[in-house]
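A.B. asks: Quick one: the structure is below, and I'll ask about it shortly.
The values are calculated or read from the model by the stated rules, or taken from the named source; none is laboratory data. Predicted model only: the values in this text are computed from it and were never measured. A quick note on method: Cβ atoms are made from the backbone with ideal geometry, for glycine too, and the neighbour counts reach across all protein chains shown.
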Amino acid sequence: MPDQHSATVRETVFPVRYAETDAMGVVHHACYLVYFEEGRSQYMRDIGSDYARVEASGYQLPVTETSIRFLGSLRYGDMVRVRTWIEENRSRRVTFAYEVLNGKDDSALVTGFTRHVWTDAQGRVTRVPDSWKQVFSD
């Protein structure tokens, strides 16, 4: 959970789709990384940007590390609520943190983070471009 004074939390809500479930009828563990990506993408849109604009400006933000902790599970038809915030913002990397909640009772089911490094179009690590500093200072 973010420090309420240092991080802006954005939320994304969507239903669990049948294709995301496994033979046990629960969301397959690999799908939670996709949920993180959806949360991160919505976060970017909510702050007035999107990842396509990052790439169009000649930069990339590849994932360099992930962490997922499973506390519970979702099933087909459940509403997913992904809470996303910037946990760490350094000169060359940014870390997004996530909570995946059950939309019915807001119980935390999955927590984790993705760490990204700034690169130029050739994949060389670089500092956060000046044009993106303000966007990621949220």
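A.B. asks: Given the conditions (1) more than 24 Å from S137 (Cβ to Cβ); (2) at pLDDT below 95; (3) not aliphatic (A, V, I, L, M), report the number of the one that R81 does not fulfil.
C.D. replies: (2)
A.B. asks: For residues in region 88-110 being hydroxyl-bearing (S, T, Y) and assigned to a loop (DSSP other than H, G, I, E, B), which is nearest to Y76 (Cα to Cα)?
C.D. replies: Checked region 88-110; the qualifying residue nearest to Y76 (Cα to Cα) is S107.
A.B. asks: Right, here's the next one. In region 78-93, what count of residues is obtained for those that are more than 15 Å from Y35 (Cβ to Cβ), surrounded by fewer than 20 Cβ atoms within 10 Å (Cβ to Cβ) and either in contact with a strand residue (DSSP E or B) (Cβ under 7 Å, 6 or more places away or on another chain) or acidic (D, E) (or both)?
C.D. replies: 4
A.B. asks: Out of all the residues in region 18-49, which are basic (K, R) and at pLDDT 95 or above?
C.D. replies: R40 - this is the single residue of region 18-49 that is basic (K, R) and at pLDDT 95 or above.
A.B. asks: Next up: Output the residues belonging to region 15-60 that are among the β-branched types (V, I, T), part of a loop (DSSP other than H, G, I, E, B) and in contact with a Ser or Thr (Cβ under 9 Å, 6 or more places away or on another chain).
C.D. replies: Listed by number, the list holds a single entry, I47.
A.B. asks: Go through (1) part of a loop (DSSP other than H, G, I, E, B); (2) at pLDDT below 90 one by one and return the number of the condition F136 breaks.
C.D. replies: Looking at each condition in turn, F136 falls short on (1).
A.B. asks: If E11 satisfies all but one of (1) at pLDDT 95 or above; (2) of a type outside the set (S, T, N, Q); (3) part of a loop (DSSP other than H, G, I, E, B), what's the number of the condition it fails?
C.D. replies: (3) is the only condition that E11 fails.
A.B. asks: Another question, if that's okay. Outside any loop (DSSP other than H, G, I, E, B), in contact (Cβ under 8 Å) with a residue 40 or more places away in the chain, out of contact with any Cys (no Cβ under 6 Å at 6 or more places or on another chain) and loosely packed, with under 14 Cβ neighbours inside 10 Å - does that describe any residue in region 111-121?
C.D. replies: Scanning region 111-121, I find at least one residue that is outside any loop (DSSP other than H, G, I, E, B), in contact (Cβ under 8 Å) with a residue 40 or more places away in the chain, out of contact with any Cys (no Cβ under 6 Å at 6 or more places or on another chain) and loosely packed, with under 14 Cβ neighbours inside 10 Å, so the answer is yes.
A.B. asks: Condition first: outside any strand (DSSP E or B) and farther than 30 Å from G25 by Cα. Can you find one or more residues in region 61-71 that meet it?
C.D. replies: yes
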